[in-house]
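Report on the structure given below.
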Amino acid sequence: MPRTLVKCMIAIGRSGQLGLNGHLPWEGNSEPDYVADVARFFELTRGHVLLAGPRTIAAVPEFAYRDRTIQILRSNMNPEQVLLHYIGRTVFIGGGPAVWDVYAPYIEHWDINRLPYDGPADTWFKPEWLIAGGKHPRG
């Protein structure tokens with residue numbers, strides 16, 4: 001029986017930094033490691049589904065809508081019901097801690113890229129997300 005494969009692709013700083021004031025701490029950095037990380041994200045999610053919160057989806061460039069399915073996640077949405085819409089597809093969960101707290105139980109694969117960022121942050125990667133996953137949505 002086909003099922004939904006749920007993944008998460010994430011970049012973190014050297015100490016697990018994820019965010020600063022609601023943005024990536026390294027946002028706008030044009031050094032090669034940061035540019036390559038963004039390009040890799042769009043390459044690996046091509047042809048798949050990207051589910052994320054409204055702020056993350058608002059940052060997705062227009063070209064990305066041509067070759068992937070994109071849906072905004074809202075806090076009132078049931079994750080199992082959302083994922084059942086994509087049976088047989090690969091779904092990437094994006095968006096940050098509020099989203100990953102809810103979807104971590106369904107994420108089977110975490111693709112984590114550690115960037116050379118070593119600056120301030122107010123949001124950090126939670127290792128417990130890694131061991132929460134593997135649950136499959138039931139119809």
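We did not get these values from a lab; they are worked out from the coordinates using the rules stated. None of these values were measured; they are calculated from a predicted model. For neighbour counting, all protein chains shown are included, and Cβ atoms are generated from backbone atoms with ideal geometry for every residue, glycine included.
Short version: ³J(HN,Hα) in whole Hz for each residue of the stretch 53-68, in order, from phi by Karplus 6.51 cos²θ - 1.76 cosθ + 1.60 (θ = phi - 60°), x for Gly and Pro, what are they?
Once rounded to whole Hz, the list reads x, x, 5, 5, 5, 4, 8, 6, x, 4, 4, 5, 6, 6, 10, 7.
What value, in deg cm²/dmol to 500, does the helix sum -39500 (n - 2.57) over DSSP H runs of n ≥ 4 give at 222 nm once divided by the residues of the chain?
-7000 deg cm²/dmol
Of the listed peptides 88-95, 35-42, what is their order by residue-averaged count of other C-beta atoms within 10 Å, with the highest listed first?
Per-residue Cβ counts within 10 Å, averaged per peptide and sorted highest first, yield 88-95, 35-42.
Could you state the angle between the C-alpha long axis of helix 32-45 and the longest principal axis of the C-alpha atoms of the chain, as a value from 0 to 90 degrees rounded to the nearest 10?
For helix 32-45, the angle is close to 10 degrees.
Measure out, as a whole number of angstrom, how far apart the alpha-carbon centroids of the stretch 120-135 and the stretch 45-116 sit.
Between the Cα centre of the stretch 120-135 and that of the stretch 45-116, the gap is 15 Å.
Run through the DSSP bridge list for the stretch 5-132 and note the antiparallel percent, rounded to the nearest 5.
15 percent
Amide H to amide H, which residues 5 or more places from M9 or on other chains are under 5 Å from it, using H placed in the peptide plane?
I93, D111
Report, by chain and number, residues whose modeled amide H sits under 5 Å from the one on R3, excluding near sequence neighbours (fewer than 5 apart, same chain).
G88
Hey, can you grab everything whose amide H is under 5 Å from the amide H of R114? Only 5+ residues off in sequence or another chain; H modelled, so Pro and N-termini drop out.
Correct list: I12.
May I ask you to evaluate 6.51 cos²θ - 1.76 cosθ + 1.60, the Karplus curve with θ = phi - 60°, for each residue of the stretch 17-22 and list the ³J(HN,Hα) values in order in whole Hz, giving x for glycine and proline?
4, 10, x, 8, 6, x
Place the peptides 56-62, 104-110 in order of packing, highest mean first, counting for every residue the other Cβ atoms within 10 Å and averaging per peptide.
104-110, 56-62
Which entry in (1) 44, 33, 24; (2) 46, 28, 22; (3) 44, 33, 27 is this structure's computed Cα extents along the principal axes in Å?
(1)
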